[in-house]
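Colleague: Have a look at this one.
The values are calculated or read from the model by the stated rules, or taken from the named source; none is laboratory data. Since the model is a prediction, treat every value here as computed from it, not as a measurement. Note that each Cβ is placed from the backbone with ideal geometry, even for glycine, and that neighbours are counted across all protein chains shown. Accessible surface is based on the protein model in full, side chains and every heavy atom, while ligands, DNA and RNA are left aside. Shrake-Rupley method; radii C 1.70, N 1.55, O 1.52, S 1.80 Å.
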Amino acid sequence: MSIEVKLQGHELTDAEVNPTIAASKAKVKVDRTAYLTDLVKLRNPEIPDWMQQTRDHASAIVQELAIPSSRDEDWRFTDLSALLATQFKSVTEPSALGFEQIQSYMLPECVNSRLVFVDGIYAADLSAVDDLPEETIVGSLAQVQEFLPQVSDYFAKQPGGEEVFTALNTASIVDGAIVWIPKDQIVKTPIHLLFVATGTAKFLVQPRILIVAGSGSEVTLVEDYVILNDRNYFINSVAEIQVDCNAKVNHVRIQRDSDSAFHIGKTAVSQARDSQYCGIAVNFGGAIARHNWEIYTNGEQTHSQLLGLSWITGDRTSDTHSLIAFSKPHCTAKQINKCIADDRSHGIFNGRICVPKLAQQTDAAQLSRSLLLSPKARIDTKPQLEIVADNVKCAHGATVSQLEDDAVFYLQSRGIDSESARKLLTYAFATEVINEITIDSLKSKLQTIVRSASKG
Amino acid sequence: MIRDNSEVILSVKNLTANVDGTQIIKGLNLEIKSGEIHAIMGPNGSGKSTFSKILAGHPAYEVTGGEISFMGQNLLKLDPEDRSRSGIFLAFQYPLEIPGVSNRDFLRVSCNAKRKHESLEELDPMDFDDLVYEKLELLKMDSEFLDRGVNEGFSGGEKKRNEILQMALLEPKLGVLDEIDSGLDIDALRVVSSGVNALSNENNAMLLVTHYQRLLDYITPDYIHVMAEGRILQTGTKELALELEAKGYDWILEGATV
Ligand SMILES: Nc1ncnc2c1ncn2[C@@H]1O[C@H](COP(=O)(O)OP(=O)(O)OP(=O)(O)O)[C@@H](O)[C@H]1O
Ligand SMILES: [Mg+2]
């Protein structure tokens, strides 16, 4: 945790910076510390013994923290006031969902390799893992420790656990999803982790995922957040992914929430020597949807790939804060973040890359490309390269543009009307990311969503 | 080929046009009849591409005076897509790259837009493939070009071939080919020109913009126009191109200012 201390100088007040922000904040004069403490109080007191110590530790951390404000550098562009204005409730009774209610979210490739969580609670009757090799362990985290005692060595062990929302999740832990792939196991069937929000108003839901890919193993995972009703709720999710030596994890994260939803999601990945992590994140925003995507490479010759797409309309916000933290030489990373913002939406990308002295020969490339479809939409994009090592390649680029008139004209000159031309070009911009998804049904589902979302 | 009783495809009278407030086209006159091949030559910056794009309806150019009639209708009233559907085709001097849209989809959508306009049944992907493979052969193009993004990573010559492939699919009434020969090696030039020749017939017309006699060795024009400073200064037959190649443009420009 880094704490910045301002020694001197006059700090601008909100009123000086922006009078309207100050006015709106005055209305929600909420104590950011008390609010956070109240959120912790919503947790279920009954948990498995093996989690107790971790939970207590996280609770102690949370007590020292507060909900961040826009004065925190990491939250400069994303104002959490609206979150503070809502009192959330805990999920006490799980909603019993029928199979037919979630059928449209099922992936045919994963009929027998899926875990379903309803409002954060494991739904055993909707889950099925029969297609997975026997040696893998895929199921409920709470119950796993009896036959997998090593799980304690991995749970809540990723760096960055003291970040406020991660700590809040850990302090409230009850259950989660575990995916355990033993050494040298190649799992061909993709695994679908489906998190359904029933949309019961004002629920606080805190999903948790722990993925451990043993050395030499390979697995493809879909972390999928969907909704049944368009209400306001708060999802605070944490996924921890451990990629051991020479293992490969393909991770697809899809975030589809309601207009009024708050979703703060953490992905923390640790990579050991020679491992590969290929992540694809597709975000459709929410009242606030934030993805903290952190990669820590702990060995040489790792490869990390991060492809992000945010597609936002209406008044939605989508914020991606990524971190690739190198620590050893000869590692490579490729990152492309795309954002399409329409209407009055707000897209944020902050891409931090740390290359310390030890990480010589790092080869990292980061590209942020944004498309503004409406004059009232807004995009803030910021690379944050912290490079100490002197013998590295770190390329980065950022563009924010509108649809090119010449490209629209080119299509029109071939008989395609301007609306279809705009749709086609917007769609084309998005597909670079979506086309990388290897699960066909998911790819075409997203293509359909994106195609119909482009209004031209 | 020139015939007296051919129908007039394009008639441009006294055209003036601005871009960003600067006049670029300054009183241009041109008439093209069916079956004819016209070539426009002229120094850099004389307005050839501007004129071509005005014909196709580029929104950056503001027509301030004169008229353009195409097949008897007022062209200036039509949107670019309607101009295309009614038979104007512009092969761009610099074709755009559109990554993410496959060439195959693009060609099919474009072809079907035209068919719909003509009240023809739209082609499904299979029937379209049959059609496009036939045209690929005409331009000696590999079918792998269909699966790439539109012009994405194409070489200069490949882009030009792709333009003519589109013309082959759209079968326009008037093909406006802006420097279709630039950047082509001699083999590609042969392929592209024989494509153009195969596509031109007595019911349509071609307007070639070029700097080089070389193209005109392969595609024989009926008329050559010299454009300078936004207007056509001189019109002649194909021999004029040889003269221009030998003497340059100065003698025409000087003649005009006198
Ligand atoms: N969008 C624009 N904004 C400003 N000026 C323009 C624009 N488009 C064209 N022009 C100007 O108009 C003039 C004519 O350009 P045009 O491209 O039509 O020439 P051209 O005859 O095709 O030349 P070339 O033989 O080099 O292709 C040039 O002076 C050019 O700079
Ligand atoms: Mg030109």
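Colleague: Using every Cα-Cα pair within segment B:151-251, state what percent have a distance larger than 23 Å.
Modeller: Of all Cα-Cα pairs in segment B:151-251, 29 percent lie more than 23 Å apart.
Colleague: Using the Cβ atoms and a cut-off under 14 Å, what net charge is assigned to the surroundings of B:GLU229, where Lys and Arg are +1 and Asp and Glu are -1?
Modeller: +1
Colleague: Taking only the alpha-carbon atoms of segment A:300-456, what semi-axes of the equivalent ellipsoid follow from 5 times the gyration tensor eigenvalues under a square root, in whole Å, largest first?
Modeller: Rounded to whole Å, the semi-axes are 33, 16, 14.
Colleague: Taking a temperature of 37 °C and a viscosity of 0.692 mPa s, what whole-number D in µm²/s does Stokes-Einstein yield for segment A:202-295 with Rh from Kirkwood over alpha carbon pairs?
Modeller: For these conditions, the coefficient is 239 µm²/s.
Colleague: Quick one: Cα centre-to-centre distance for segment B:165-201 and segment B:52-71, in angstrom?
Modeller: What the calculation gives is 23 Å, centre to centre.
Colleague: What are the semi-axes of the equivalent ellipsoid of segment A:105-256, taken as the square roots of 5 times the eigenvalues of the Cα gyration tensor, listed largest first and rounded to whole Å?
Modeller: Equivalent ellipsoid of segment A:105-256: 24, 19, 13 Å, largest first.
Colleague: Which value, in nm² and rounded to one decimal, describes the direction-averaged projected area of the C-alpha convex hull of segment B:12-99?
Modeller: The number I arrive at for segment B:12-99 is 6.6 nm².
Colleague: Dipole of the protein assembly as shown, Cα-centred, from +1 at each Lys and Arg C-beta and -1 at each Asp and Glu C-beta, to the nearest 20 debye?
Modeller: About 1360 debye.
Colleague: Could you list which residues have their amide H under 5 Å from that of A:TYR296, counting only those 5 or more apart in sequence or on another chain, with H placed in the peptide plane?
Modeller: Under 5 Å from the amide H of A:TYR296 lie the amide H atoms of A:VAL269, A:SER270, A:GLN271, A:ALA325, each far enough along the sequence or on another chain.
Colleague: Report, in whole Å, the centroid distance computed from the Cα atoms of segment A:386-440 and segment B:209-235.
Modeller: What the calculation gives is 38 Å, centre to centre.
Colleague: Can you check what the Kirkwood hydrodynamic radius comes to for segment A:409-456, Cα pairs only, in Å to one decimal?
Modeller: Averaging 1/r across every pair of different Cα atoms and inverting gives 11.3 Å.
Colleague: Moving on. May I ask you to give the average projected area over all directions of the convex hull of the Cα atoms of chain B, in nm² rounded to one decimal?
Modeller: 14.0 nm²
Colleague: Within chain B, what percent of beta bridges assigned by DSSP are antiparallel, to the nearest 5?
Modeller: 60 percent
Colleague: Along its three principal axes, how long is segment B:88-219 when you only count alpha carbons? Whole Å, largest extent first please.
Modeller: Its Cα atoms span 41, 35, 22 Å along the three principal axes.
Colleague: Considering only DSSP beta bridges with both partners in segment A:2-402, what is the antiparallel share in %, to the nearest 5?
Modeller: Looking only at bridges with both residues in segment A:2-402, the antiparallel portion is about 5 percent.
Colleague: How long are the semi-axes of the equivalent ellipsoid of segment A:131-200, taking √(5λ) for every eigenvalue λ of the Cα gyration tensor, in whole Å from largest down?
Modeller: Semi-axes (√(5λ), whole Å): 24, 17, 12.
Colleague: Out of residues 5 or more away from A:ALA123 or on other chains, whose amide H comes under 5 Å of its own, with H placed 1.01 Å from N in the peptide plane?
Modeller: A:VAL116, A:PHE117, A:VAL118
Colleague: Taking the Cα centre of segment A:2-402 as origin and charging only Cβ (+1 Lys, Arg; -1 Asp, Glu), how large is the dipole, in debye to the nearest 20?
Modeller: 1120 debye
Colleague: Give a quick list of chymotrypsin sites (Phe, Trp or Tyr not before Pro) in segment A:72-166 that DSSP marks as loop, anything other than H, G, I, E or B, with at most 12 other Cβ atoms within 10 Å.
Modeller: A:PHE147
Colleague: When the C-alpha atoms of chain A are aligned to their principal axes, what extent does each axis show, in angstrom, from largest down?
Modeller: 64, 55, 52
Colleague: Stokes-Einstein at 20 °C, 1.002 mPa s, Kirkwood radius from Cα pairs: D for segment B:75-132 in µm² s⁻¹?
Modeller: 167 µm²/s
Colleague: Are there DSSP H segments in chain B that both extend 15 Å or more along their axis (alpha-carbon positions) and score a mean Kyte-Doolittle hydropathy of at least -1.0? List them, or say none.
Modeller: Within chain B the helices that satisfy the rule are B:125-138, B:156-170, B:186-199.
Colleague: Then there is this: Skip the ligands, DNA and RNA, and give the accessible area per residue of segment A:409-456 with a 1.4 Å probe, whole Å².
Modeller: Per-residue value: 37 Å².
Colleague: Another question, then. Can you show me the helix-derived [θ] at 222 nm for the protein assembly as shown, built from DSSP H runs with n ≥ 4 at -39,500 (n - 2.57) apiece and divided by the number of residues, rounded to the nearest 500.
Modeller: One gets -8000 deg cm²/dmol as the mean residue ellipticity at 222 nm.
Colleague: If you take every residue apart from B:SER102 with its C-beta less than 11 Å away from the C-beta of B:SER102, what net charge results, scoring Lys and Arg +1 and Asp and Glu -1?
Modeller: 0
Colleague: Where the centroid of each part is defined by its Cα atoms, how far is segment B:8-27 from segment A:69-131 in Å?
Modeller: Answer, in whole Å: 61.
Colleague: Quick one: 3J(HN,Hα) in Hz for segment A:205-220, Karplus 6.51/-1.76/1.60 with θ = phi - 60°, rounded, Gly and Pro as x.
Modeller: My calculation for segment A:205-220 gives 10, 10, x, 9, 9, 10, 10, 10, 9, x, 4, x, 8, 8, 8, 10 Hz in order.
Colleague: Which order, highest average first, do A:338-347, A:234-243 follow once you tally other Cβ atoms within 10 Å for each residue and take the mean per peptide?
Modeller: Peptide ranking by packing, descending: A:234-243, A:338-347.
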